[in-house]
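Taking it in order: structure first as structure tokens, then the write-up.
The values are calculated or read from the model by the stated rules, or taken from the named source; none is laboratory data. Values in this document were obtained by computation on a predicted structure and should not be read as measured data. Ideal geometry is used to build each Cβ from the backbone, glycine not excepted, and the neighbour counts take in all protein chains shown.
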């Protein structure tokens, strides 16, 4: 049996984790909105038409922020189409996804939905066909209290109190030729800067996200990021990162996605730090990884000019969940710079939650690691010193077989350790060293694994790929346990209070 070792020291911290690291994304794309979060005819629909069965699963994920309304969709979207009486809202052609948008859901309804599921909206403004002043009007509508045309219109539309949306995206993937009215880095940087100025004049308390490269495979990466930040460094608070992974036939490469994701983050952070030095700023630019997931891009089909077509509806396997867990570890291990992230997406479209129209709701395999890290990944991220064998990958070279991330919940005296074992042949004897914490005990070990890497949850068999409880091993400051081959693991430890002896 192979061996691996992980040393965790409570004083070796990375950063306090911002809960926004566990954000997600709802775009007007496919069935994400219509028959996803919104379906008035469904038996669980509330008075506004929102599916309560979906809301329950979203609530269980404890998602703190949800990006909306796009995505590629936003670059051709007029936000005013989605306000006012629903019967008067126009139907529009959506250029991004060759669909018809009914506009039955807009920013007001989305804010209402966010309140119901206990999350905050992260709004995106249109910097494709839209102008900087349009972004200002949307900001005024959403965040200005009263007494102006747009704020009074919000009140007339049934929302007396301002929405107070605190995080805003300045467009989406504006370097992409697929984007409606895509721009060069120079042109986008200037446009984003002017929109940012207007928006922060209206509400100085907001945070803004500038578009980084749509992918590290873009020919302009990372020059795009440099140029955009040189134009916007003092106006914005984040630069965005987007990255998707898929199994293209080499499982080793796919399992090593976490390593490539780490390199991507380091490169963008270095680019931002270069600009910081160049513009003589004292501000450290934060990163927003506001699109990430497993996505089998090449399999998608478009259905031109229909409402809510069933597109991008990936069905996730155990293998996908393992890769997904590895990426979560990478986000945690870079939480000093990646202060916000959005799993793309939340419902139906490349999502952990999947619905039948007028029917059931399903937790996909990736739901479970996302839920575990969202619930237990709150606190201080600690550096883990992990020793394991490496495996060879054609794309990424030699990669550690075991990927880990650790969280210290100081107030509760708890430690959580996440571990992915990528070994395809053997289990690993795993030694965990927690001596800096004093006396501790293992309270839980949860595993996701199985004999079939390609097993998936279905509506008829929803529990095919789910976590299982493993044997808790005894120990005090160190523990020796087993990481099954090809497994995702969650360990919980609790401090044992010292007994004070009295005379």
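Could you check the range 145-163 and list, in sequence order, the residues that are in contact (Cβ under 8 Å) with a residue 24 or more places away in the chain and either under 19 Å from residue 342 (Cβ atoms) or surrounded by fewer than 21 Cβ atoms within 10 Å (Cβ to Cβ) (or both)? Within the range 145-163, 153, 157, 158, 159, 163 qualify. Would you confirm whether any residue within the range 351-360 is touching a helix residue (DSSP H, G or I) at 6+ places or on another chain (Cβ under 6 Å) and farther than 25 Å from residue 429 by Cα? Within the range 351-360, one or more residues are touching a helix residue (DSSP H, G or I) at 6+ places or on another chain (Cβ under 6 Å) and farther than 25 Å from residue 429 by Cα. Among the residues making up the range 425-464, those that are crowded, with 17+ Cβ neighbours inside 10 Å and free of Cβ contacts under 8 Å to residues at least 60 places away in the same chain are 440, 442, 445, 447. Just to be sure before I move on: is residue 158 within 30 Å of residue 395 (Cβ to Cβ) and touching a helix residue (DSSP H, G or I) at 6+ places or on another chain (Cβ under 9 Å) in the structure I sent? No: the conditions fail for residue 158. Looking only at residues of the range 201-210 that are touching a helix residue (DSSP H, G or I) at 6+ places or on another chain (Cβ under 7 Å) and free of Cβ contacts under 8 Å to residues at least 60 places away in the same chain, we find that the one that is farthest from residue 274 (Cα to Cα) is 208.
Taking (1) in a helix (DSSP H, G or I); (2) out of contact with any helix residue (DSSP H, G or I) (no Cβ under 8 Å at 6 or more places or on another chain); (3) surrounded by 14 or more Cβ atoms within 10 Å (Cβ to Cβ) in turn, residue 310 satisfies each apart from (1). For the structure I just gave you, tell me whether residue 314 is in the same structural domain as residue 353 (by TED's automatic domain parsing), more than 24 Å from residue 419 (Cβ to Cβ) and within 15 Å of the chain's Cα centre (by Cα). So residue 314 does not fit the description; no. Considering (1) buried (at least 22 other Cβ atoms within 10 Å of the Cβ); (2) under 16 Å from the mean Cα position of the chain (by Cα), say which one residue 31 fails and leave the rest. Answer for residue 31: the failing condition is (2).
From the list 182, 130, 176, which residue is within 27 Å of the chain's Cα centre (by Cα), buried (at least 23 other Cβ atoms within 10 Å of the Cβ) and part of a loop (DSSP other than H, G, I, E, B)? Of 182, 130, 176, the one residue that is within 27 Å of the chain's Cα centre (by Cα), buried (at least 23 other Cβ atoms within 10 Å of the Cβ) and part of a loop (DSSP other than H, G, I, E, B) is 130.
Is there a residue being under 21 Å from residue 136 (Cβ atoms) and assigned to a loop (DSSP other than H, G, I, E, B) anywhere in the range 81-101? Yes, there is a match, as at least one residue in the range 81-101 is under 21 Å from residue 136 (Cβ atoms) and assigned to a loop (DSSP other than H, G, I, E, B). Comparison of 437, 370, 418 shows that the only residue that is in the same structural domain as residue 331 (by TED's automatic domain parsing), closer than 24 Å to residue 336 by Cα and in contact with a strand residue (DSSP E or B) (Cβ under 8 Å, 6 or more places away or on another chain) is 370.
Selection of the range 199-215 for residues being in a helix (DSSP H, G or I) and within 15 Å of residue 124 (Cα to Cα) yields 199, 200. Elements of the type strands (runs of 3 or more DSSP E) sitting completely within the range 338-451 and holding at least 3 residues that are within 30 Å of residue 210 (Cβ to Cβ): these cover 338-343, 380-387, 402-409.
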